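One structure is given below, encoded as structure tokens.
Read-outs throughout are calculated quantities, based only on the coordinates presented, and are distinct from any laboratory measurement. The structure presented is a predicted model; accordingly, all values stated were derived computationally and were not measured. So basically every Cβ, Gly included, is an ideal-geometry build from the backbone, and we count neighbours across all protein chains shown.
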Amino acid sequence: MIDILGFHTDRDYQAELAALPHDIDTLTIRTLTREAALENQRLNRLASAVRFAGDPTLGFIAYVAFGPDALPIPPLYEVRLIEPDGIYTVPDSVRTNLPAERVEGAKRQLLAEDAVRHAKLWGFDPTQYRVQVTAF
């Protein structure tokens, strides 16, 4: 193939362009499939815990009113890094579906790596970041 300046190139741009929708579809389907599987896992876990409580309606109300401590299963945790202003979550810093024994390690990693990288990028002090832990 000859490019705009008249140089020979081995790249077939038309073939790359034709393959691009397939590549995008493949990546999107893989990502959506993974996300759907995680959500199904969360919903199945919650549904089995609510059913274990006896009455599904009362179990769900107990979960909404009292949180994961009302159900007979150990909670999982979500850990996220919060910017120094206290409002925004640092992009790509959310770790989810963590058992209790992995929470401290995730917190240390977020503060040691993600906070330093984000602070360097935006001019913040890495010691001003905080980690928010949520049980579910």
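Using helices alone, what [θ] at 222 nm do you get for the chain, with -39,500 (n - 2.57) per DSSP H run of 4 or more residues, divided over all residues and rounded to the nearest 500?
The helix contribution divided over the chain gives -17000 deg cm²/dmol.
Please work out which option in (i) 58.4, 196; (ii) 22.8, 75; (iii) 15.6, 45 gives Rg and Dmax of the Cα atoms in Å calculated from these coordinates, and answer with its label.
Only one option fits the structure, namely (ii).
In the range 95-113, whose amide N lies under 15 Å from the spot 7 Å out along Cα-to-Cβ of residue 128? List them in ranges.
none
Can you give me the relative contact order of the chain as a percent, contacts being Cα pairs under 8 Å and 6 or more apart?
19
Under a point spin-label approximation (7 Å from Cα along Cα-to-Cβ), what is the residue 73-residue 104 distance to one decimal in nm?
Placing both labels 7 Å along Cα→Cβ, they lie 2.6 nm apart.
How large is the dipole of the chain about the Cα centre if only Lys and Arg carry +1 and Asp and Glu carry -1, each at its Cβ, rounded to the nearest 20 debye?
600
Just 121, 81, 46 to compare: in a GNM of the chain, with alpha carbon springs under 10 Å, which one fluctuates most?
Comparing 121, 81, 46 in the GNM, the peak value goes to 121.
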